[in-house]
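Take a look at the structure below.
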Amino acid sequence: MHKRTLALIAGLGLAAAACKDSTSVTDLNNVSAEALASGLTKASTGLLVTGLLNSTRGDYDVRFLVFTQTMGRDLYRLDNAEPRYITELIGANPADFTAFIGGGAFGQFYVSIRSGNTILNGLPSASGLTAAEKSATQGFVNVFKALAYYHALETRDSIGIAFDVNHPIDDPPAHFVCKPNVLASISLLLDSASTELAAGGASFPFPLPAGFSSNGNFTTPAAMMKVAQGLKGKIELYRGLSHQKPNTASFAAAITALNASFADPVAAMDKGIYNNYSTAAGETTNGLADANIYLNPFVGDSVQAGDKRASKFFAVTPKSLNGVTGRYKTSLTDPSAALSASIPLVRNAELLLLRAQAKIETGDLAGATADINAVRVADGGLAPIAVPATKTAAITAVLYEKRYSLLAESAQRLVDLRAYTRLNAAAGPGAPGDIFQSALPIPKPQLDARGVTSITPDCP
C-alpha cells in the first residue's frame with residue numbers, strides 16, 4: 001500500500017477517532033487491515049471517506065487556528081500556565097522548532113493527506129463502485145487533499161512544505177518544495193478534482209455529514225465541483241500575490257474560477273461547507289472552544305459604528321499577561337457555546353471577498369467594490385462604500401470586511417497581512433520586542449528524518 005507522508009506520522013491509524021453523524025456509522029477505529037488488504041468495497045470506501053472528514057475536523061484545532069490567528073493579530077491565548085502562546089508567536093522570540101508551537105500545526109494535515117491517499121490508492125480495484133462513483137470519490141478526496149496541503153502551507157509560507165508524499169513508507173522522506181510550486185501543484189490538483197467530479201454522476205456513493213447541507217446543499221458532485229472552483233480561485237489569488245514568484249496571470253485565473261464557484265452576491269453569506277462538531281459521546285468537539293482565548297484589543301476597538309458583526313465579541317474584565325492585554329472575548333471561542341459550533345471550510349462571503357481581491361489586482365476597482373459591498377451590507381448591515389480612489393484604499397476596504405466576516409474561521413488574516421506586506425505594527429499590537437514572525441519553522445522531526453539541520457526547498 002502506498003502510504004508515505006512524512007516520517008513523524010508513519011504510525012498513523014486509518015482514523016484517529018470515530019465520527020458518527022448517525023448511530024448507523026461503524027466505528028472507524030475498527031476498520032481492519034484485512035478488510036483493506038482484500039480490496040476496497042463501496043461500504044469500506046464510505047467508511048474511509050468519513051474518516052477523512054473526521055481528520056479534517058481535527059485539523060481545525062487550537063494549534064492551527066490559534067497559532068495563525070495570533071500571528072495575524074486577531075486572537076490571543078492568555079494562559080498563565082503556558083506563556084509561549086504569546087512569547088513565541090507575537091513576542092521577541094521565534095517559535096522553537098523543537099517544541100509544540102514551532103513543531104505544531106503541520107503533521108496533522110499530512111494525516112488527512114494520508115487518509116486521502118489510502119482511498120485513492122485503493123479506488124482503481126475497488127468493487128461495487130461504478131466508474132462514475134469512483135470518479136466522484138476521487139474528485140471529492142482530491143478537494144480535501146488540496147485543502148490539507150494549503151493549510152500546511154499557510155503555516156510555513158516561504159519555507160515550503162513536502163508535496164510528493166504518496167510513496168511507500170520505506171522511501172526516503174519527501175523533498176520540501178517552495179511556496180510558488182506548491183501553490184501551482186495544489187491548483188492542478190483542484191483542476192483534477194473538478195474534472196473527476198464532472199464525471200461523477202448525480203450523487204456520491206457515501207453519505208456526508210450535516211455540515212454539507214446545513215447552509216446550502218453540497219452533497220452532489222456538481223455542487224462539490226463549485227467548491228473545488230472556489231478553492232482554486234483562492235489558490236490562484238495567492239499565486240499572484242506571492243512575493244517569491246508572482247504570477248500576474250493568476251489573477252484572471254482566480255476570477256474565472258471564482259465565477260464558476262458558488263460565489264453569489266445575492267445568496268446567503270453563510271452558504272458553504274462546514275466542519276460540524278458535537279459534544280455527544282464519541283464525537284469531535286470544536287477545538288477553538290477555549291476560555292483562555294481573547295481578542296486582540298485592536299479588533300474590538302477598530303470595528304465601525306453600526307457593524308452588526310460586533311455582536312461576535314464582547315467586552316470583559318481585562319487580563320494582562322506576557323506584555324499584552326485582552327479586553328474582549330468572542331462567542332466563537334466561548335466554551336459554553338462553541339464546543340458544538342460549526343466552522344466553515346469555505347463559504348460565500350469568503351469567495352466574494354477573494355474575488356474582490358483578484359479584481360483589485362486587475363484594476364477593476366468598481367467590480368471589486370460591488371463584491372465588497374455585497375458582504376458589507378449583508379454581513380455587516382452597513383451602508384455600501386463608494387469606489388475607492390486607489391488600489392491601496394481598496395485593499396484596506398476588503399481587509400476590513402475579511403477581518404470581521406471571517407473572524408476566528410481560518411488563517412486568512414495572517415495570509416493577507418503577509419501578502420500585502422502589512423504584517424507590522426499597523427496590524428495591531430503585539431508583545432514587547434515583537435519580531436512580527438510570519439511563519440512557523442520546519443519541525444525538528446522533519447530535520448531529523450533527513451539527517452540535516454536546515455532545509456532549502458526545491459524551487460525549479
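Sequence gap at least 6, Cα distance under 8 Å: using those rules, report the relative contact order of the chain to the nearest whole percent.
Values: 883 pairs, mean separation 102.2, N = 460.
After rounding, I find 22 percent.
If amide hydrogens are placed 1.01 Å from N in the peptide plane, which non-local residues have theirs closer than 5 Å to the one on residue 274?
It is 212, 345, by chain and number.
Rank-order 280-287, 53-60, 250-257, 381-388 by packing density, defined as the average count of other C-beta atoms within 10 Å over each peptide's residues, highest first. Numbers along the way, then the final one.
Details: 280-287: 16.9, 53-60: 23.2, 250-257: 21.8, 381-388: 14.5.
The peptides rank, most packed first, as 53-60, 250-257, 280-287, 381-388.
Taking the Cα-to-Cβ direction at residue 169 and at residue 266 and moving 7 Å from each Cα, how far apart do the two end points lie in nm?
Calculated label separation equals 5.4 nm.
Counting alpha carbon pairs within less than 8 Å and at least 6 residues apart, what relative contact order, in whole percent, applies to segment 294-407?
25 percent
Distances longer than 18 Å among the Cα atoms of segment 95-237: what percent of all pairs is that? Please list the in-between numbers first.
Numbers: 6071 of 10153 pairs.
Of all Cα-Cα pairs in segment 95-237, 60 percent lie more than 18 Å apart.
In units of 2.2 N^0.38 Å, what is the alpha-carbon radius of gyration of segment 325-382? The partial results should precede the final answer.
Values: Rg = 15.5 Å, N = 58, 2.2 N^0.38 = 10.3 Å.
It is 1.51.
Across 5 Å bins from the origin, how do the percents of Cα pairs in segment 198-339 run, short distances first?
Here the calculated profile for segment 198-339 is 2, 8, 11, 12, 13, 15, 17, 12, 7, 2, 1, 0.
Sorted from largest down, what three extents in whole angstroms do the Cα atoms of segment 277-370 have along their principal axes?
Here the Cα extents, ordered largest to smallest, are 47, 37, 27 Å.
If the chain between residue 222 and residue 390 were fully stretched, how many nm would it gain, using 0.36 nm times the residue separation less the Cα-Cα distance? Present the calculation step by step, with values, prior to reporting the outcome.
On the way: separation 168, 0.36 × 168 = 60.48 nm, distance 3.83 nm.
Full-extension gain reported as 56.6 nm.
Can you figure out the FRET efficiency of residue 316 with residue 81, using R₀ = 25 Å and their beta-carbon distance, to the nearest 0.05? It would help to have the intermediate numbers written out before the result.
Values: r = 19 Å, r/R0 = 0.78.
The computed FRET efficiency comes out at 0.80.
Please give the direction-averaged projected area of the C-alpha convex hull for segment 29-125, in square nanometres with one decimal.
Numbers: hull surface 32.6 nm².
Dividing the Cα hull surface by four gives the mean projection, 8.2 nm².
Write down, largest first, the equivalent ellipsoid semi-axes of segment 215-255 in whole Å, where each equals the square root of 5 times an eigenvalue of the alpha-carbon gyration tensor.
Details: eigenvalues 143, 13, 9 Å².
Output for segment 215-255: semi-axes of 27, 8, 7 Å.
How big is the C-alpha Rg of segment 314-426 next to the rule-of-thumb value 2.2 N^0.38 Å, as a ratio? Present the calculation step by step, with values, prior to reporting the outcome.
Working: Rg = 15.9 Å, N = 113, 2.2 N^0.38 = 13.3 Å.
Working it through for segment 314-426, the quotient is 1.20.
What helices in the chain pass both tests, a Cα length along the helix axis of 24 Å or more and a mean Kyte hydropathy of -1.0 or higher, using whole DSSP H runs?
Flagged H segments are 42-59, 131-156, 179-198, 221-241.
Which length gain, in nm to one decimal place, applies between residue 259 and residue 188 when the Cα-Cα distance is subtracted from 0.36 nm times their residue separation?
Details: separation 71, 0.36 × 71 = 25.56 nm, distance 1.78 nm.
Net length gain for the segment: 23.8 nm.
Rounded to the nearest whole Å³, what is the per residue volume of the convex hull around the Cα atoms of the chain?
Numbers: hull volume 62.8 nm³, N = 460.
Dividing the Cα hull volume of the chain by its residues yields 137 Å³.
Hey, what did segment 52-125 get for relative contact order, percent, Cα under 8 Å, at least 6 apart?
On the way: 54 pairs, mean separation 24.9, N = 74.
Value for segment 52-125: 34 percent.
Given 0.36 nm per residue, what is the gain on full extension from residue 456 to residue 213 after removing their alpha carbon distance, in nm? Don't skip to the end; give the middle numbers.
Numbers: separation 243, 0.36 × 243 = 87.48 nm, distance 4.27 nm.
Extra length available between residue 456 and residue 213 comes to 83.2 nm.
Only the coordinates and a few stated rules stand behind these numbers; no lab work does. The model shown is predicted, which means the values in this text are computed figures rather than measured ones. Positions of Cβ are backbone-derived with ideal geometry, glycine not excepted, and every protein chain shown enters the neighbour counts.
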